[in-house]
Each structure stands twice: as structure tokens, then as C-alpha cells.
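**Student:** Below you'll find the structure I mean.
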Amino acid sequence: MANDSNSTTFPVQKVRRDFIPPSDYSEAFHRLEMERLWPRVWQPACREEEIPNVGDYVNYEIGNESILVVRSARDKIRAFYNVCPHRGRRLRDDACGSVKAIFCGYHAWTFGLDGKVSAIPSRDDWNGCPFSSDEDFSLTSVKSDSWAGWVWINMDPNCEPLRDFLQYIPDKLDRFEWENCRIRSYTTIIFPCNWKVVLEAFVEGYHSIGTHPQLMRFGDMYLPGFKEDLEGEGRRHGSHTGGYHFEKLKFGANQRFRNQRDYAYEQLMEIHDTLHGIVHDEGARALRRLKEEIPEDVSVMEAYGKYSELLKEEMAKSGASFPKGITPEDLLSVEWQIFPNTSILPSPEGAFWYRMRPNGDDPNSTIFDVLSLGRFAPGKEPKWKQEVYANPKEFKGKNPILEQDFSNMIAVHKGTRSRGWKGARPSPIQENGVYNIHRVLHAFMFGGDY
């Protein structure tokens with residue numbers, strides 16, 4: 001859904017596959033995002049397991065807005081603006097909690113979990129006043145819906161349904177069964193840079209050459225980006241596929257890898273050891289069995305297939321369910337991007353789910369959430385606690401791969417402020433994910449085709 005407002009008030013430069021205008025990172029563009037993007041777009045507010053009991057709530061903040069996502073009944077989740085209709089006081093200041101009713105601490109106005117006003121001191125004072133019914137004095141609802149175990153919200157009362165907004169994404173990703181996953185870890189880091197700079201660090205693999213040099217021992221990485229998905233008319237979202245050119249590697253006793261089975265083992269174990277979110281404990285056990293039980297003469301692709309079988313066995317031993325519909329082709333997608341601010345690294349064991357958004361009304365600050373989702377036997381879900389870091393330095397030593405990515409973000413943000421910078425020149429082949437963000441962003445905010 002594009003915005004129909006006249007865009008002539010902003011000097012819009014055309015986005016190309018190989019060019020992103022510098023104005024997209026400006027404070028003026030941020031102002032437009034606050035008017036035309038965030039109040040009108042579906043965005044993930046919280047996981048359903050964050051509010052398991054009736055009365056549980058999460059306070060989701062975006063820009064200057066605060067949205068209360070509340071489990072109002074066992075099978076019902078609602079969302080409301082976090083503001084009292086009486087004098088405008090925010091109702092809840094904490095990030096999450098549990099209540100029997102929603103209470104305003106200013107004048108004791110009280111609301112049910114369904115948002116309806118239930119108590120107003122001296123209610124008769126408003127007798128005869130216009131617009132003073134219980135409906136007028138109830139909380140203002142926000143559109144909400146669920147997908148993939150997330151509660152999504154949209155502040156536009158006339159927005160399209162969530163499933164229409166997601167387009168083909170459910171057909172592609174429902175087979176991962178993320179609604180059956182649970183949070184393994186939840187990390188929030190405040191970055192002193194624009195939210196798009198953070199998002200762009202995770203939608204292409206071209207940066208691995210300079211940012212993750214230790215991964216180059218597995219071969220030249222080639223990630224051809226979003227090309228296939230972008231060719232579909234009107235598509236907002238996309239994925240990129242790819243991998244390593246391991247065919248160029250030599251295998252043998254005197255080589256880096258003795259054989260292709262060991263190559264697959266080392267490559268997946270590297271992800272387990274350094275990324276801490278895609279290959280979990282069951283995956284590590286399956287990899288050790290791969291090296292112990294599978295002959296050395298299998299090909300890399302055969303090794304990956306055997307690993308998948310062993311992983312399924314290890315997950316069954318732990319009581320966790322392996323997603324039934326996943327195919328080997330599904331695992332070729334390295335990353336999925338859901339407009340505007342979601343990046344997902346899928347895995348049979350769960351997912352690494354990234355969410356970025358402006359920190360308040362500051363174009364130079366980002367709330368970056370990293371959730372590791374896993375699969376567990378019923379009753380064996382881990383007790384997690386959200387870890388919040390005021391800046392990237394506080395996160396040091398927690399995740400080697402992410403820390404390498406973080407090293408670029410602040411430097412890129414500073415560079416986009418330079419008078420000498422004429423705009424981004426992404427690879428039209430390997431960095432289509434960056435182009436896709438801005439292509440859809442322009443269409444959504446200024447009108448035109450996706």
C-alpha cells in the first residue's frame with residue numbers, strides 16, 4: 001500500500017539497483033518515515049510466548065508511539081495505544097508486565113483488558129457533554145494479527161490484512177513452523193546510527209570478504225542476492241541464496257580439508273561456534289556423528305543431506321519436533337527480508353530473527369533486537385531474560401560474527417553524513433537486498449509500483 005500524499009515536497013532521487021541516494025539516510029527522510037512508513041506498515045511487536053497468560057502485556061515502542069500488546073483472554077490478543085483518553089498520560093511505562101486491569105495512575109481511570117473503560121471517578125461530571133460515552137472514553141485500538149509466532153501491529157485502521165501484506169512469504173516460510181519455536185535468547189543493542197544502516201548489514205553476503213575473512217577458508221562466497229524474487233511484479237519481500245565455491249578447493253591429507261565430509265563438518269561447526277543462533281546443541285551432536293559415522297568419500301552435498309538426517313534424529317532424542325515440510329531447497333535461502341525491518345536467518349533448529357527500528361524520534365539511533373528461536377520438547381523451553389546493551393561496546397565478547405558486523409555500522413553511518421559521499425553504489429548482483437529495501441520504501445512512502 002503506497003502513500004498517496006504529494007511527494008514533491010521532498011527531492012526524491014530515483015533508486016537503482018546500483019544506486020541508493022544519500023538523502024535516504026537524511027533527517028528529512030526520517031521525518032517522512034515517521035509520517036508515511038511506521039504509522040502505516042505491519043511490523044512485529046512481540047512473540048506470543050512473551051505474553052503467555054491473560055493480563056500479560058508488552059509495551060512496543062516505535063518513534064514517539066507506544067503500543068500495548070495485551071493478552072486479553074486465553075485465545076485473544078489485542079493492541080492499544082498506550083495513552084489514557086482522559087489527559088493523555090501514558091498508562092504503562094515499563095517494557096512488559098502483567099495486570100488484571102489497565103489503570104491510569106493520574107486520576108484512577110481504569111480499563112478492562114479489552115480496552116473498555118470500567119471506572120471513572122466522578123463519572124457524572126461529564127453528563128450532557130458531547131462524545132462522552134463509554135466507547136468515547138475507552139482505549140484506542142490498534143490493528144493486530146499473528147504470524148510465525150509473532151504478534152504484528154499496524155496503526156493504520158484502514159490497512160490491508162496482514163496475510164495480504166506478507167504476500168507470498170507464508171507460502172514460502174510456514175513450513176519452518178516458527179509458531180512452534182520458543183525464544184532461546186533475546187538481545188537488544190542500541191546503535192548510534194540510522195536503522196537502515198543496521199538492516200543493510202544483514203541483507204547481503206558480499207561483505208563477508210572484508211568483514212568475515214575467517215569464513216573465506218571455506219571458499220569464495222557468492223550470494224547472488226534477491227534477483228529472482230525481485231523479478232516478481234509487486235513483491236515487497238525477498239530472500240537471497242548462495243554459498244561457497246568449494247569446487248575450487250583441493251582436498252587431501254596436505255590440504256586445508258582432508259575431504260568433503262570434513263569440509264561440511266567444519267563449515268557448520270564454525271557457525272555453531274561463532275554465530276550462536278542457527279546451529280544449536282542438537283546440530284553440534286549431529287555434526288559430531290557426521291564425522292564419526294559417515295564415510296569420508298561422500299560429496300559435500302551428500303554430507304549436508306546426511307547431516308539433515310542426523311539432526312532430525314538428535315532433535316527427536318531431545319523431544320523436539322523437526323519441521324515436517326522443510327526440503328533441501330528451503331535451506332538454500334541464506335536470509336529472508338520482510339519489509340520494512342525484519343531479517344531472518346532460517347534453520348531447521350529455529351531461526352536468527354533480526355528486528356531494527358528507530359530509537360524514539362532520533363534518526364541517528366536504532367533499537368536492534370536479535371532473537372534466537374529454537375525448538376524444544378514441551379516443558380523443556382529455556383527460561384530466558386532479555387539482555388539490553390546501551391551500546392555495541394557493552395556487547396563485546398558475546399558473539400564473534402555479530403561483532404564483526406557491528407564494526408561496520410557506526411563507520412558507515414558516519415560516512416553517510418560526509419559531504420564527499422554521493423550515495424551508495426551496491427553491487428547490482430550480490431547486494432540486491434540493499435536495493436530492495438529502498439525500492440520498496442520509496443514505493444510505499446511516495447507512491448508507484450513495487
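**Student:** Where does each of Asp136, Asp449 land when they are ordered by accessible area, with a 1.4 Å probe and the largest first?
**Tutor:** Values: Asp136 70, Asp449 145 Å².
Order by accessible area, largest first: Asp449, Asp136.
**Student:** Then there is this: Shape verdict for the stretch 325-450, please, from the Cα gyration tensor: rounded (a/c under 1.5), prolate (a/b greater than b/c) or oblate.
**Tutor:** Oblate, because a/c is 1.5 or more while a/b does not exceed b/c.
**Student:** Under the Karplus relation 6.51 cos²θ - 1.76 cosθ + 1.60, θ = phi - 60°, what is the ordered set of whole-Hz ³J(HN,Hα) values for the stretch 110-120, x standing for Gly and Pro?
**Tutor:** Taking θ as phi minus 60°, the curve returns 10, 9, x, 5, 8, x, 6, 5, 10, 7, 9 Hz for the stretch 110-120.
**Student:** So which aspartates and glutamates can Lys317 reach, going by Cα to Cα under 14 Å and dropping same-chain residues fewer than 8 places off?
**Tutor:** Partners found: Asp281, Glu282, Glu309, Glu349.
**Student:** Follow-up. Compare Glu394, Glu431, Glu266 by solvent-accessible area with a 1.4 Å probe and give them largest first, with all protein chains kept in place.
**Tutor:** So, going from the largest accessible area down, we get Glu394, Glu266, Glu431.
**Student:** Follow-up. Based on DSSP H runs of at least 4 residues, each adding -39500 (n - 2.57), what is the mean residue ellipticity at 222 nm of the chain after dividing by all its residues, to the nearest 500 deg cm²/dmol?
**Tutor:** Value at 222 nm, helices only: -7500 deg cm²/dmol.
**Student:** Another question, then. How much of Ile294 can a 1.4 Å solvent probe reach, expressed as accessible area in Å² and rounded to 10?
**Tutor:** Around 20 Å² of this residue is reachable by solvent.
**Student:** Using the heavy atoms of the protein chains alone and a 1.4 angstrom probe, what is the accessible area of the stretch 378-450 per residue in square angstrom?
**Tutor:** With all protein chains present, the stretch 378-450 gives 58 Å² per residue.
**Student:** Given Cα pairs under 8 Å that are at least 6 residues apart, what percent is the relative contact order of the chain?
**Tutor:** The normalised contact order for the chain reaches 24 percent.
**Student:** Can you tell me how the stretch 89-167 classifies by the Cα gyration tensor, rounded, prolate or oblate, using a/c under 1.5 as the rounded cut?
**Tutor:** Numbers: a/c = 3.33, a/b = 1.72, b/c = 1.94.
Here the stretch 89-167 falls in the oblate category.
**Student:** Could you work out the local net charge near Ala101, counting Lys and Arg as +1, Asp and Glu as -1, over the other residues with Cβ closer than 14 Å to its Cβ?
**Tutor:** Within the 14 Å Cβ shell, the charges total +3.
**Student:** Which pairs break 24 Å Cα to Cα here: Lys196/Lys324; Lys116/Lys143; Lys172/Lys291?
**Tutor:** Check vs 24 Å cut-off fails for Lys196/Lys324; Lys172/Lys291.
**Student:** For the peptides 39-50, 99-110, what is the packing order when you average, over each peptide's residues, the other Cβ atoms within 10 Å and list the highest mean first?
**Tutor:** The packing order, highest mean first, is 39-50, 99-110.
**Student:** Continuing with this model, one more query. Mind checking the stretch 261-349 for trypsin sites (Lys or Arg not before Pro) that DSSP puts in a loop (not H, G, I, E or B) and that have at most 16 other Cβ atoms within 10 Å?
**Tutor:** When the trypsin sites (Lys or Arg not before Pro) of the stretch 261-349 are filtered for loop state and at most 16 Cβ neighbours within 10 Å, Lys324 remain.
**Student:** On average, how much area does the Cα convex hull of the stretch 268-405 cover when viewed from any direction, in nm²?
**Tutor:** With the hull built on Cα positions only, its mean projection is 10.4 nm².
**Student:** Just one of [x] 23.8; [y] 22.1; [z] 29.0 is Kirkwood radius over Cα pairs in Å as worked out from the coordinates here. Which one is it?
**Tutor:** Structure-derived value, by its label: [x].
**Student:** How large, in percent, is the carbon and sulfur part of the accessible surface of the chain at a probe radius of 1.4 Å?
**Tutor:** Numbers: 10000 of 20640 Å².
Solvent-exposed carbon and sulfur of the chain make up 48 percent of the total.
**Student:** Give me a comma-separated list of calculated 3J(HN,Hα) values for the stretch 157-173, in order, Karplus coefficients 6.51, -1.76, 1.60 applied at θ = phi - 60°, integers in Hz, x for any Gly or Pro.
**Tutor:** Listing the rounded values in order: x, 9, 5, 5, x, 4, 5, 5, 4, 6, 6, 7, 4, x, 4, 7, 10 Hz.
The values are calculated or read from the model by the stated rules, or taken from the named source; none is laboratory data. These figures come from a predicted structure and were not determined experimentally. Neighbour counts run over all protein chains shown; Cβ positions are idealised from the backbone, glycine included. Areas reflect the complete protein model, heavy atoms only, side chains present, ligands, DNA and RNA absent. Shrake-Rupley method; radii C 1.70, N 1.55, O 1.52, S 1.80 Å.
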